[in-house]
Amino acid sequence: MEILILANQTDLKKKVGKEPLLLHMLEEFKKNHNVSVFSKYSDVRDVVDDSLLPDIDLNTTLEKYKEGKESFMIITKLVISNIDYDKFKIYHDNHDKKCSIVLRNLVKGRTTPVYKLDEKKVVIDVNRKRYANCGIYIFDSTVDFSELKTLAALINDLMEAKELKAFIHAGYYEKNYEQLKGIDYRNKEKEEIKDVSVTA
């Protein structure tokens with residue numbers, strides 16, 4: 001699968017053990033997927049290897065990146081989760097909408113915008129009652145990025161055109177590494193866990 005990570009400084013600040021989340025997730029994704037990274041932040045660009053795309057203009061990057069591909073995934077928020085990316089791709093390939101979005105059940109008390117679905121899981125509106133955006137999308141290459149203002153605005157346009165379909169993730173999402181492995185890193189005598197796998 002073709003995956004493009006839109007990386008920011010938070011992806012460096014978050015840690016898996018002592019390793020930046022971005023570098024850890026890159027290593028894990030590369031085991032099963034073709035991964036590239038876009039970032040306009042110099043500190044992010046300085047630590048990413050040959051996965052880094054050269055342009056710092058998102059419109060240009062997306063228009064070039066989609067060439068020769070039927071579809072591709074964009075990840076805008078890196079987290080520790082058990083999202084099944086292969087199932088997500090199969091889901092997208094089996095409907096006729098231009099974009100698929102990973103949504104999760106909203107945790108009470110959050111103020112994240114959430115999405116309203118019709119009976120066929122087509123995203124039809126934004127509300128604050130149930131489903132929250134995980135920041136993970138699959139786009140058909142037919143989507144035009146040349147006039148892109150923001151990715152959020154594009155998603156809203158696709159929603160209004162009823163070209164956005166939801167993949168509901170019911171597993172864990174955004175657990176920190178210590179919680180996931182039951183490790184207390186405040187105690188430096190504890191043994192460090194060196195790996196957490198990404199569900200392919």
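FYI, it's all coordinate maths here, none of it is from the lab. Keep in mind that what you see is a predicted model, and the values were worked out from it rather than measured. All Cβ positions, even for glycine, are placed from backbone atoms using ideal geometry, and neighbour counts span all protein chains on display.
Of note:
- For region 56-68, backbone phi angles converted through the Karplus equation (6.51, -1.76, 1.60; θ = phi - 60°) give residue-by-residue couplings of 10, 9, 5, 4, 4, 4, 5, 5, 6, 5, 6, 4, x Hz, Gly and Pro being listed as x.
- Put simply, the amide H of residue 163, placed in the peptide plane, has no neighbours under 5 Å, leaving out anything fewer than 5 places away on its chain.
- Taken one residue at a time, the phi angles of region 35-40 give Karplus couplings (6.51, -1.76, 1.60, θ = phi - 60°) of 10, 10, 10, 10, 7, 9 Hz. Gly and Pro are set to x.
- Farthest toward the positive end of the dipole of region 1-83, out of 80, 41, 60, is the Cα of 80, where the dipole comes from beta carbon charges about the Cα centre.
- For residue 172, residues with placed amide H under 5 Å, excluding near neighbours: 82
- Given 13/64; 64/149; 31/120; 69/98; 14/162; 89/120, the pairs whose alpha carbons are separated by over 24 Å: 13/64; 31/120; 14/162
- Karplus-derived 3J(HN,Hα) values for region 135-149, using 6.51 cos²θ - 1.76 cosθ + 1.60 with θ = phi - 60°, are x, 10, 9, 10, 10, 5, 6, 6, 5, 8, 9, 5, 9, 4, 9 Hz; glycine and proline are entered as x.
- Each label point was placed 7 Å from the Cα along the Cα-to-Cβ direction; for residue 146 and residue 90 their separation is 3.7 nm.
- Close amide H contacts of residue 15 (hydrogens built in the peptide plane, cut-off under 5 Å, sequence separation of 5 or more or a different chain): 21.
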